[in-house]
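Undergrad: Take a look at the following structure, please.
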Amino acid sequence: MTGRGGRTFNFIRGGGGGKQNNLYADRGNEYDRRNDGSNRNELNFTSNRNRSIRRVPRNFIQHRLDEDVSMDGEQQRHPFNRGRGRGNPLRGSQQRRGFNNRRGRPDSQSQHAFGPGWHRIIITNGSQYDRDFILNTIASLSRTPYQPIAYSVLGPNSVFFVESRPAAEAIAACSTKFSGPDSHPIILRVDSYGAPPTAPMIGPVEDRLKATLTRRYDASGPVLDLSNFPGSPDLVLDFYVPLFRPSVVMKIFTLLSDVLNSLLVLDISNNRLTSLDAFQKLTTLTPNLKALNVGNNKLREIYPLDRIKGLPLVEINLEQNSLCEKFPNRDDYIRTK
């Protein structure tokens, strides 16, 4: 029975002294089994507010019974189905695909999914092609400049990462134009991803780190420049070595153990640092450090500086960190420490 407001009610009427006639016993607990000694003939009901009910016109049911298949075997189409055959998607589902893609879910047609930050680019059967050919071709087709990070081959496919959504969307737009030297189409897939996996600090990674640190260390200072370290030209294309990973920082300290004692200036700006936990050992490894640049990172509070409180610093640069917005005077955060 349908009540006011579109609510439906299930009725249970008990017979005097006889067995209860429950017409809805096989439908689960959709009714109220109140048996508290009240009148057995009392009408008990519950409202199915959360149940979706599909109403079908009676003439539609009769039409399906009588005319679904004609005598000559030709299938009949009801006016309710005009405009789409059986099995064809509804227009609403097509609209939902675009909605899901905006929320970072894969589009069932394009197979791309976008998020706010890191994205992974998968080149199907990319192992068959030279890395420089793939990257140079995509760069020539992309309308947005980008830096490919941590290119690698995984089975038959090849993979690399980009840091921003605009770059990912520009690369996805190239998927219909990308083809190999034999003009065979190459399939690209873009999906939202976390940061690339950190490279293990052994073998070729360690050798590349040594070469990079040699170029970034200036003995005349002595100064060590570790700014934007993951973006080092010798590293970025093959390995991801962020300074917010303690394993990377400890490896750097180990490789530079001979020069850290005399180091006067250290630059670790532009490294997405949210804390300085990995740099706590600077207080014992760099007893002569006078200047530290921690600018353009992601420090939001003053307490991460407790990790380096024992350093004999004369100058510290914290510009372009969120914590500076909490101190109207530039010197206040220095006096706080």
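Throughout, read-outs are computed from the coordinates displayed, never taken from laboratory work. Just so it is clear, the structure is predicted and the values come from calculations on it, not from any experiment. Positions of Cβ are generated from backbone atoms using ideal geometry, with glycine treated the same way; all protein chains shown enter the neighbour counts.
Undergrad: Of the beta bridges DSSP finds with both residues in the stretch 177-294, what % are antiparallel, to the nearest 5?
TA: Antiparallel: roughly 35 percent of the beta bridges in the stretch 177-294.
Undergrad: Return the distance in nm (one decimal) between the two label points of a simple spin-label model at ASN317 and LEU154, each offset 7 Å from Cα along Cα→Cβ.
TA: Rounded to a tenth, the inter-label distance reads 3.7 nm.
Undergrad: Same structure, new question: What translational D, rounded to a whole number of µm²/s, comes out for the stretch 172-275 from Stokes-Einstein when the hydrodynamic radius is the Kirkwood one over Cα pairs, at 10 °C and 1.306 mPa s?
TA: 99
Undergrad: If you wrap a convex hull around the alpha carbons of the stretch 254-310, what volume per residue comes out, as a whole number of Å³?
TA: Each residue corresponds to 81 Å³ of Cα convex hull volume.
Undergrad: Taking the alpha-carbon centroid of each part, what is the distance from the stretch 272-326 to the stretch 205-227 in angstrom?
TA: Spelled out, the Cα-based centre of one part sits 20 Å from the other.
Undergrad: Also: Spin-label point model (7 Å from Cα, Cβ direction): what's the ARG215 to THR274 distance in nm?
TA: 3.1
Undergrad: Report, in listed order, any pair from LYS210/LYS251; LYS251/LYS298; LYS281/LYS309; LYS281/LYS326 with a Cα-Cα distance greater than 18 Å.
TA: Where the Cα-Cα span goes over 18 Å, the pairs concerned are LYS251/LYS298; LYS281/LYS326.
Undergrad: Count charges around SER257 for me, please; just the other residues with Cβ under 13 Å from its Cβ, Lys/Arg as +1, Asp/Glu as -1.
TA: So the surrounding residues net to +2.
Undergrad: Given H placed 1.01 Å from N in the peptide plane, which residues other than close sequence neighbours of LEU237 have an amide H under 5 Å from its amide H?
TA: Correct list: ALA150.
Undergrad: Could you give log10 I(q)/I(0) at q = 0.22 Å⁻¹ for the stretch 111-192, computed by the Debye formula over C-alpha point scatterers of equal weight, without solvent?
TA: -1.01
Undergrad: Relative contact order for the stretch 182-277: what is it in percent, counting Cα pairs under 8 Å that are at least 6 residues apart?
TA: 33
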